[in-house]
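K.L.:
One structure, pasted below without further comment.
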Amino acid sequence: MRRFARGLTRDGADGDDLCQMTIERALKSSHLWTEGTRLDSWVYRIMRNIWIDEARARNRASQTFAPEEDGEHVGMAGDVGIEAHVELGNVDRAMAQLPDEQREAVMLVLVEGFAYKEAAEIIGCPMGTLTSRLARGREALMRALGEEL
């Protein structure tokens, strides 16, 4: 849940805030969950709706400072760790460049491991729409990362 929140918000602190708001709303609305259905899908749908509401309400400017976590591994020993950290940063930047619809499709299917049908239900779109968003998102990520298509 936290990983998806951070993927949506593109910021660790905002992702944590989104997780907290989601948990609060899910607890307050627990009577609305239908037993026998997937709890995780229901919670992810709540998170997505909160994120959309917050993005519309705030419309805030981008932050000037780098997130605190970026400095955690400065001076890390070993080329492999450094290269992995650099590559992860490249992937994060490429993900941040994706349109919101493509990024949330990539996050739900490729990162969180939801099936296409479940991800489409969370987003609230037909499965074909999710499939095209995912395909376009994958292509854009590969181009941004300099991979062959």
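The values are calculated or read from the model by the stated rules, or taken from the named source; none is laboratory data. Treat the numbers as computed from the prediction; the structure is a model and nothing was measured. Cβ: placed from backbone, ideal geometry, glycine included. Neighbour counts: every protein chain shown. With ligands, DNA and RNA removed, areas are computed over all heavy atoms of the protein, side chains included. Shrake-Rupley method; radii C 1.70, N 1.55, O 1.52, S 1.80 Å.
K.L.:
Determine how large the accessible area of residue 117 is when every protein chain is in place; take a 1.4 Å probe and give Å² rounded to the nearest 10.
P.N.:
Ignoring ligands and nucleic acids, residue 117 comes out at about 130 Å².
K.L.:
At a probe radius of 1.4 Å, what is the per-residue accessible area of residue 111, in Å² to the nearest 10?
P.N.:
That residue has around 60 Å² of solvent-accessible surface.
K.L.:
What do you reckon, how do 40, 11, 53 stack up by accessible area (1.4 Å probe), largest on top?
P.N.:
Final ranking, largest accessible area leading: 53, 40, 11.
K.L.:
Sticking with this one: Could you pull out which residues in the stretch 95-119 have an amide N less than 12 Å from a spot 7 Å beyond the Cα of residue 135, following the Cα-Cβ vector?
P.N.:
Residues passing the 12 Å test: none.
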